[in-house]
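The values are calculated or read from the model by the stated rules, or taken from the named source; none is laboratory data. It should be emphasised that the depicted structure is a prediction, and the values quoted were computed from it without experimental measurement. Positions of Cβ are backbone-derived with ideal geometry, glycine not excepted, and every protein chain shown enters the neighbour counts.
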Amino acid sequence: MATTAEKGGEPPPAATRVPKSAYYALGLLASANLLNYLDRSIISILAEAIKADLKLDDAQLGFLMGTAFAVFYAVIGIAMGRISDGLSRKKVMAFGLALWSGMTALGAAANNFLVLAIARIGVGVGEAAAAPCSTSLLADIFPQSRRGIVMSIYLTGTFIGGALAMILGGYVLQNWPTACSSVPFFDGCALAGWKAALLIAGLPGLVLALLILTIREPVRKDARDAPPVRFIIGQFATALPPFTLASAYRAGGSKGLVSNLKLAAGIIAACGALIWLTGDTAQWVAVAIGVYSVTTWAQIQSMKDRPLFKLTFGDATFVSAMSASALFACAGAGIGIWTVPYAIRSFELTPDKVGLYIGIINLVGAIIGVLLGGILADRWKKHDLRAPLWIMGFSAICNLIGVVVMLSVETVEAFLTTRAVLAVLGAMWGGSTAAMIQDLVIPRMRGSASASFTLVSIVISSGMGPYWAGKISVLSGSLVTGMLSLLILVPIGLALVLYSARRMQFEDADARMARAVAAGEPVSQE
């Protein structure tokens, strides 16, 4: 009879001792996540200097800060989920880290929009490997009882990296001409400050990529047997249009191709209608590419890997939890990115003070929140495996109330206090949700499940949240109205949380494995 481990479940209780090598891996992967968000975010603090130096307009600058990164991150990330499930995760992670770090540093060589755009696209492509590889590795290295706090520790790199991007970028930008003269054997003082900042931000990742290769990776019996290059090319073909059409045909024949063409036609029609209504061509073309890539990936998996599809995009529990997470992230991203402009306009604070105050608040509050949420989830899950959903819902309700209060207060002290509370509450559900994703699928699917959750969230939150608030602000003449309009997503998300929780109470790991087997998942026999 097959053992629990062979069936794809958790290891037996006796195997819960965590070796030192696991914490070593956690430290390296959390550090990589820090560099992930450092390299991703640093361009925002350098934006005005880049704009002046390269003589860009705001549309080009917006592309560099958002679209160039997010859309290609999402598209490539689709393939990265499957690649991380089929190949050595530490090798894929090391390659991705070296790529995004190298591309960040390459930005220092840019003398025009095209070169910098290519560099930022490369950052997005490389960083697509981070989440699926890291979360899948950590889920295999640590037992289920520790995953909430482990994922939370991993996610602290998100907040530290984002804050460090502001601090490092601002410092180098302002002090580079003086600081560079004190560096021995270096003759680069003629380098623009923003270029120096990109170079300094990118180089550490090249060293860390080598250390990632020293991680002890658990052996997976269900790893892919296909040659690595062929496997990688095949996965990219499922994500990159127009190669997706060939992949759809190979997966489902003429029926699969027709189905994908119908999907593309529907997305194109919706994109055209939204462009006609808003006049914002670049916005909706970018969103359409992301939506098409994600839905095509799901469609192809429904034909090629039925067990994976049945436990992810074909599972109402997974889809409803993923959708709730994406809606909450959309509201959070839109409100979060407009908080600094709102503070400057409403309280007459200078940008450097607002950046310092809110940067510290976000860093400290988010770390407290994500760690508190992870600890709470691990304890709560001993009694109710739906704990991550309840924490997500609680956080959303508190944020709904908190945002209304934050945008209503009249003093800067009250504003900053409310923002601090929101920073803690808003971060509580990240780690526990990341752990829950791993619990909803069997081990070989963990990278793909993580990629699905992450990529849908990115397309919706980064692709819609900031734009939504800004567009409503333009139409209404009020930034407050634009920010508050995003709160309509919260009750929709809460309904999805309740639906997902109701379904989860009737299904455990054995039931999920049974559904995978029923869909064609092979079961090892003794």
| task | Looking for whichever is among the aromatic types (Phe, Trp, Tyr), in a helix (DSSP H, G or I), in contact (Cβ under 8 Å) with a residue 12 or more places away in the chain and farther than 30 Å from Ala264 by Cβ here; the options are Tyr357, Tyr292. Which one fits? | result | Tyr357
| request: Could you please let me know if Ala495 is modelled with pLDDT under 85 and either crowded, with 22+ Cβ neighbours inside 10 Å or more than 14 Å from Ala331 (Cβ to Cβ) (or both)? | output: no
| field | Qualifying residue in region 371-389 (condition: under 30 Å from Gly272 (Cβ atoms) and assigned to a helix (DSSP H, G or I)) | value | no
| said: As an exercise: evaluate Ser473 against (1) closer than 22 Å to Ala286 by Cβ; (2) more than 24 Å from the chain's Cα centre (by Cα); (3) buried (at least 21 other Cβ atoms within 10 Å of the Cβ); (4) among the small types (Gly, Ala, Ser) and give the number of the one condition it does not meet. | reply: (3)
| request: For region 377-424, enumerate the residues that are surrounded by fewer than 23 Cβ atoms within 10 Å (Cβ to Cβ), farther than 21 Å from Glu507 by Cβ and at pLDDT below 90. | output: Arg379, Glu410
| task | Would you be able to say whether some residue in region 166-189 is part of a loop (DSSP other than H, G, I, E, B), of a type in the set (Gly, Ala, Ser), at pLDDT below 95 and in contact with a Leu (Cβ under 9 Å, 6 or more places away or on another chain)? | result | yes
| said: Can you say whether Val474 is over 22 Å from Ser323 (Cβ atoms), in a helix (DSSP H, G or I) and touching a residue at least 60 places away in the same chain (Cβ under 8 Å), as far as the supplied structure shows? | reply: no
| remark: Taking region 237-283 and keeping residues among the small types (Gly, Ala, Ser) and outside any helix (DSSP H, G or I) leaves Ala239, Gly279
| request: Sort through Ser136, Ser145, Ser88 and tell me the only one that's small (Gly, Ala, Ser), buried (at least 21 other Cβ atoms within 10 Å of the Cβ) and in contact with an Asp or Glu (Cβ under 8 Å, 6 or more places away or on another chain). | output: Ser136
| Checklist (1) aromatic (Phe, Trp, Tyr); (2) under 30 Å from Ala518 (Cβ atoms); (3) surrounded by fewer than 20 Cβ atoms within 10 Å (Cβ to Cβ) applied to Phe318, failing item | (3)
| Residue check for Phe313: among the aromatic types (Phe, Trp, Tyr) and either outside the structural domain of Val456 (by TED's automatic domain parsing) or in a helix (DSSP H, G or I) (or both) | no
| If we only count helices (runs of 4 or more DSSP H) wholly inside region 1-116, which ones have 1 or more residues that are modelled with pLDDT under 75? | 20-54, 58-62, 68-86
